[in-house]
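The values are calculated or read from the model by the stated rules, or taken from the named source; none is laboratory data. Quantities reported herein were computed from a predicted structural model and do not represent experimental measurements. So basically every Cβ, Gly included, is an ideal-geometry build from the backbone, and we count neighbours across all protein chains shown.
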2 protein chains.
Amino acid sequence: MSTNFTGESLFPKGEKNDAFAQYFMGTSYLSMLSTEGVNIGNVVFEPGCRNNCHVHHAGGQILLVTDGYGWYQAWNEPPQALKPGDVVNIPAGVKHWHGATKDSWFAHVAIAIPAEGASNEWLEPVTDEHYAALA
Amino acid sequence: MSTNFTGESLFPKGEKNDAFAQYFMGTSYLSMLSTEGVNIGNVVFEPGCRNNCHVHHAGGQILLVTDGYGWYQAWNEPPQALKPGDVVNIPAGVKHWHGATKDSWFAHVAIAIPAEGASNEWLEPVTDEHYAALA
């Protein structure tokens, strides 16, 4: 799968996501669109880039896909192919990961659902074997 | 100003926004992308359509512009021209309106900032005279 999207996203791409690089395979970019009331970030993934498995405790997260093609997978569930216009509602407490396909850039807006005691728990990476088997 | 955008938006367009039609001039469409944790709606405005002046009490709202061209205006401030990729942070308590330009469809995602006692207060329409003078 390929797309004309070459890494410029609908919303500002921002800088290399150095703060979270330890939780990603490959290079991503982060631009915070809102940091008051609700945290809203635009995340751009280069082809092959994905985040490690993680859990949003208490709050949950909503993804609005704006550009390119990617994957979302919740633990013990089939991977879900993502394209522009898709919306993913990630419930609190669900182990999951998301990222680009092998061949495409990918961008989504991530909206953190505010909640008392909300936190993120980062877990193991998505292995190359698991990722390569996606199609 | 015109655009290729002909009323199909990045996110699902949904049905005619009958529930709020009394607070709009012209026809809009509403699709709720999330109703748990954070209310997120995709709003599509036909050319010339705009909402009445209104105030978000307590919570505020964030607009993510996805398609077409429009306007945002806060009370006693100059109108702000909007295009895809723009983000508007509307503070609680500020009287304002938003909508399409005369010649273009317009779509934005609206994210309601959750807050204790949040409510919307709807006020007077934006007159044809005021709207026609925008450029």
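Which of the residues spanning the range B:10-26 are within 14 Å of another protein chain (Cβ to nearest Cβ) and either under 18 Å from B:Trp97 (Cα atoms) or more than 14 Å from the chain's Cα centre (by Cα) (or both)? Let's see the steps before the verdict.
First, the residues of the range B:10-26 that are within 14 Å of another protein chain (Cβ to nearest Cβ): B:10-14.
Once the filter is applied, which keeps residues that are within 14 Å of another protein chain (Cβ to nearest Cβ) and either under 18 Å from B:Trp97 (Cα atoms) or more than 14 Å from the chain's Cα centre (by Cα) (or both), the range B:10-26 yields B:Leu10, B:Phe11, B:Pro12, B:Gly14.
Here's the yes/no breakdown for (1) within 16 Å of B:Phe20 (Cα to Cα); (2) part of a loop (DSSP other than H, G, I, E, B); (3) touching a strand residue (DSSP E or B) at 6+ places or on another chain (Cβ under 9 Å):
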residue: B:Gly48; (1), (2), (3): no, yes, yes
residue: B:Val65; (1), (2), (3): no, no, yes
residue: B:Gly85; (1), (2), (3): no, yes, yes
residue: B:Val94; (1), (2), (3): no, yes, yes
residue: B:Ser104; (1), (2), (3): no, yes, yes
residue: B:Glu116; (1), (2), (3): no, yes, no
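Rundown of residues vs (1) modelled with pLDDT under 95; (2) over 26 Å from B:Ala107 (Cα atoms), yes/no style:
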position	(1), (2)
A:Asn52	no, yes
A:Gly59	yes, yes
A:Leu64	no, no
A:Gln73	no, yes
A:Val94	no, yes
A:Trp97	no, yes
A:Trp122	no, yes
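Is there a residue in the range A:93-110 that is within 12 Å of the chain's Cα centre (by Cα) and more than 20 Å from A:Ser9 (Cα to Cα)?
yes
Please go through the range B:50-63 and pick out each residue that is crowded, with 20+ Cβ neighbours inside 10 Å and in a loop (DSSP other than H, G, I, E, B).
If the condition is that a residue be crowded, with 20+ Cβ neighbours inside 10 Å and in a loop (DSSP other than H, G, I, E, B), then B:Gly59, B:Gly60 are the ones that fit.
In the range A:65-86, how many are buried (at least 19 other Cβ atoms within 10 Å of the Cβ) and of a type in the set (A, V, I, L, M)?
Residues in the range A:65-86 being buried (at least 19 other Cβ atoms within 10 Å of the Cβ) and of a type in the set (A, V, I, L, M): 2 in total.
Criterion first (at positive phi, away from chain A (no Cβ under 14 Å) and either buried (at least 16 other Cβ atoms within 10 Å of the Cβ) or in a loop (DSSP other than H, G, I, E, B) (or both)) does B:Gly37 satisfy it? Steps first, please.
On the way: at positive phi: yes; away from chain A (no Cβ under 14 Å): no; either buried (at least 16 other Cβ atoms within 10 Å of the Cβ) or in a loop (DSSP other than H, G, I, E, B) (or both): yes.
No: the conditions fail for B:Gly37.
Go through the range A:40-49 and report how many residues are among the acidic types (Asp, Glu) and surrounded by 20 or more Cβ atoms within 10 Å (Cβ to Cβ).
Applying the first criterion (among the acidic types (Asp, Glu)) to the range A:40-49 yields A:46.
Filter once more, so that each one left must be surrounded by 20 or more Cβ atoms within 10 Å (Cβ to Cβ): none.
Looking only at that region, the number is 0.
What's the total number of residues in the range B:41-95 that are hydroxyl-bearing (Ser, Thr, Tyr) and more than 10 Å from chain A (Cβ to nearest Cβ)?
At the first step, the residues of the range B:41-95 found to be hydroxyl-bearing (Ser, Thr, Tyr) are B:66, B:69, B:72.
Now narrow it down to the ones that are more than 10 Å from chain A (Cβ to nearest Cβ): B:69, B:72.
Qualifying residue count for the region: 2.
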